[in-house]
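The values are calculated or read from the model by the stated rules, or taken from the named source; none is laboratory data. These numbers were taken from a predicted model, which means no experiment stands behind them. Quick reminder, even Gly has a Cβ in these numbers, built from the backbone with ideal geometry, and neighbours come from all protein chains shown. Heavy atoms of the whole protein, side chains included, go into the accessibility calculation; ligands, DNA and RNA do not. Shrake-Rupley method; radii C 1.70, N 1.55, O 1.52, S 1.80 Å.
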Amino acid sequence: MADTLEFNEIYQEVKGSMNDGRLRLSRQGVIFKNSKTGKVDNIQASELAEGVWRRVALGHGLKLLTKNGHVYKYDGFRESEFDKLSDFFKAHYRLELAEKDLCVKGWNWGTVRFGGQLLSFDIGEQPVFEIPLSNVSQCTTGKNEVTLEFHQNDDAEVSLMEVRFYVPPTQEDGVDPVEAFAQNVLSKADVIQATGDAICIFRELQCLTPRGRYDIRIYPTFLHLHGKTFDYKIPYTTVLRLFLLPHKDQRQMFFVISLDPPIKQGQTRYHFLILLFSKDEDISLTLNMNEEEVEKRFEGRLTKNMSGSLYEMVSRVMKALVNRKITVPGNFQGHSGAQCITCSYKASSGLLYPLERGFIYVHKPPVHIRFDEISFVNFARGTTTTRSFDFEIETKQGTQYTFSSIEREEYGKLFDFVNAKKLNIKNRGLKEGMKQSYDEYADSDEDQHDAYLERMKEEGKIREENANDSSDGSGEETDESFNPGEEDDDVAEEFDSNASASSSSGDGDSDRDEKKPAKKAKIVKDRKPRKKQPESKKGKDPNAPKRPMSAYMLWLNANREKIKSDHPGISITDLSKKAGELWKAMSKEKKEEWDRKAEDARRDYEKAMKEYSVGSKSESSKMERSKKKKKKQEKQTKGKVEKKGAASKSLSSTKSSAKNMSESFKSKEFVSSDESSSGESKKEDSEEEGVASLPPSSEDSASASD
């Protein structure tokens, strides 16, 4: 029998909505961690009184009742998991997991039973529905009728607002069944009633969200904010976390109260209550309780008469009443020595506080992000200036937060902090040893010092230096490949190095080059080797030898059918897991046999690769020679065509000159010398205009010398 059982994608029913999370059962008790809020419910094994298994809308559910009357419901189990849970309850909790089905007759009359925090409407022995009395916000009575109103849940698409019960009159004298029903509900309901005097009152406190100045009245079970326009009553059960954060100016303090569900003002929801205090403001406080009651209720955490800074008194009283730890900034220190970073989120400027287990941003809008819900972080270049950068956080749910306009000097400190907390940095990728090592069931409110902080800082500096060295080597290539616009590549500027090189390699006529810039543009446009390179790298050669398999893959291919026959109907993923377990449990001697086979396969691969590389080189050299030969033939053909065109041109000019000579008399000697000279000049012109001009022969050079 295993000591623990773990279940993923389990849903806890809270105030009409289903909150998903992870459930773990151990010898010590039951732990459920909410995936959305990170809140942890811990039920000790000694507190469990009853366990019920039943069919619900999301499959099968587990209902746990404690000895003090609390009820916990978890849905999302499979029917096949009943036996495993039942045996676990018997072995470790000494409880029988009873099977009780809900009644589906559809009758609307029955018996109401009150058990602890639960109202159950039963028909016979089967429950029809159950109402947690902590969800009841108001209970009113009429003639033979009781009306229950419920807290509105913003997370639920459809909320139940009220239920009415008809209570028939009875013949018993002196007992009103309607009043008895209402008293049973009110004794357990979460009805906020400002009865009695407040324990203490803080006057005119500055509140940032919701904005304004409020009197805060502290009652035993709830907090009352009284302002000029609005009033809020906040039960202590809705407080998730408390934060005490120093302002960057070191003269003020933020006190942040995280709420779930949030307080409402019209359509606006406030998930955080943020108070701002001055450090210089002091107060003397006297609790509206006698010393014995203070000692009995708060066990030394508070005294009847206290004095000190106003923010210290408020945080001390809240900590004692809410019974939650106060989260403060950890060891992080920014460039200026402050424990926060100035940045902007959306349209407002604020402060980002790196905590021991998360980040919190104040104040508009407030954001709290836990490390265990972060998928990766990213350091991005600032969009408006190079003197700042952006810090991006993306959660596992896909939500992205961008904190912009962070000073460049804060980069080193923030990078070291992220490294020390083992968060995945998108720019660099997930390194070995950087994987998150958080306890998936640990409460995110616990602020513990990281023992590996100093060592991770040193490793982070080494990685950063290596990254800088590698970026220096590849800097020129990135600068060359940067093209702000495609049209810039088509036209060469006068100061472009490519354009000057092409002009110097021409025929030396500078005037002609300046008058014809189009030729330069053609030369630059033709020289684009970077765009042609990827074409030669498309795909792999099908004739190339295949890479050798590892020892594990060789063993898996040989034993795959055997594993399938031993476990009929096994899926591909389960087969991979099973194969991994078998390989891990295999003895060293058997593994060595497969290692030898893998080594032989590797040698054969290397031998085949050598033969393949030699063959591919010879083939490539043949192709290169054929290409050169073809290119040479094309040039020669082109030269002949151009010479033929030049010769025909000279012949036509000779005919026209002869026609002109027939009109005016010239001697035979003059005509022959003119024709020979014109022929020679035409020949020289044709040689100059040829693209691939050949060197002059010995006869031509002799005639030229003559």
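Please list, in chain and number order, the residues 5+ apart from Q252 or on another chain whose amide H is under 5 Å from its amide H, with Hs placed from the backbone.
H247, K279
Starting from 0.36 nm per residue, how many nanometres of slack lie between A98 and L582 once their C-alpha separation is accounted for?
Roughly 170.5 nm would be gained on extension.
Would you mind calculating the gained length between T170 and Q183 on full extension (0.36 nm times residue separation, minus the Cα-Cα distance), in nm to one decimal?
Using 0.36 nm per residue and subtracting the Cα-Cα distance, I get 3.0 nm.
For L102, list long-range residues whose amide hydrogen, built 1.01 Å from N in the peptide plane, is under 5 Å from its own amide hydrogen.
R55
May I ask you to evaluate 6.51 cos²θ - 1.76 cosθ + 1.60, the Karplus curve with θ = phi - 60°, for each residue of segment 202-218 and list the ³J(HN,Hα) values in order in whole Hz, giving x for glycine and proline?
Each residue's phi maps through the Karplus curve to give 10, 8, 6, 8, 7, 10, 8, 9, x, 6, x, 10, 10, 8, 9, 9, 9 Hz.
Under a crude label model (7 Å from the Cα following the beta-carbon direction), how far is I283 from A57 in nanometres?
Going by the 7 Å Cα→Cβ label model, 4.4 nm.
Give a residue-ordered list of calculated ³J(HN,Hα) values for segment 37-50 (Karplus: 6.51 cos²θ - 1.76 cosθ + 1.60, θ = phi - 60°; whole Hz; x for Gly, Pro).
For segment 37-50, the Karplus-derived couplings read 9, x, 6, 10, 9, 10, 10, 5, 4, 6, 8, 5, 10, 7 Hz, x marking Gly and Pro.
Amide H neighbours of S137 under 5 Å, counting only residues 5+ apart in sequence or on other chains, H built in-plane at 1.01 Å?
HN-HN under 5 Å from S137: E149, F150, H151.
Can you give the accessible area of E407 in Å² (nearest 10), computed on protein heavy atoms with a 1.4 Å probe?
Approximately 100 Å² of E407 is accessible to the 1.4 Å probe.
So, in nm, how far is label D83 from label Y411 when the simple model puts each one 7 Å beyond its Cα toward the Cβ?
In this crude spin-label approximation the distance works out to 6.1 nm.
Which FRET efficiency value, to the nearest 0.05, do you get for H335 and K36 by plugging their Cβ-Cβ distance into 1/(1 + (r/R0)^6) with R0 = 51 Å?
Calculated value: 0.90.
Where nothing but the Cβ of Lys and Arg (+1) and of Asp and Glu (-1) is charged, how large is the charge dipole of segment 1-134 around its Cα centre, in debye to the nearest 20?
320
Please report, as a whole percent, how much of the solvent-accessible surface of segment 111-187 comes from carbon and sulfur atoms (probe radius 1.4 Å).
47
Applying 1/(1 + (r/R0)^6) with R0 = 51 Å to the Cβ-Cβ distance of R213 and K426, what FRET efficiency is obtained, to the nearest 0.05?
Given R0 = 51 Å and the Cβ-Cβ separation, E is 0.75.
Of K233/K325; K84/K577; K67/K90; K546/K629; K39/K461, which pairs sit farther than 26 Å apart, going by alpha carbon to alpha carbon?
Exceeds cut-off: K546/K629; K39/K461.
Leaving ligands, DNA and RNA out of it, rank W107, W53 by accessible area with a 1.4 Å probe, largest first.
W107, W53
Given a Förster distance of 22 Å, report the FRET efficiency between D122 and E50 from their Cβ-Cβ distance, rounded to the nearest 0.05.
Efficiency for this residue pair is about 0.90.
When the Karplus curve 6.51 cos²θ - 1.76 cosθ + 1.60 is applied with θ = phi - 60°, which whole-Hz ³J(HN,Hα) does each residue of segment 292-304 get, with x for Gly and Pro?
These are the phi-based 3J(HN,Hα) values: 5, 5, 4, 5, 6, 7, 9, 6, x, 6, 10, 10, 5 Hz.
If I model a spin label at T237 and N8 as a point 7 Å from the Cα along the Cα→Cβ vector, what separation in nanometres do I get?
Between T237 and N8, the label points sit 3.2 nm apart.
Figure the gain on full extension for I201 and K228 (residue separation times 0.36 nm, minus the Cα-Cα span) and round it to one decimal in nm.
8.1 nm
Over all alpha-carbon pairs of segment 341-421, lay out the pair-distance distribution in 10 Å bins, whole %, shortest bin first.
With a bin width of 10 Å, the distribution comes to 18, 56, 25, 1.
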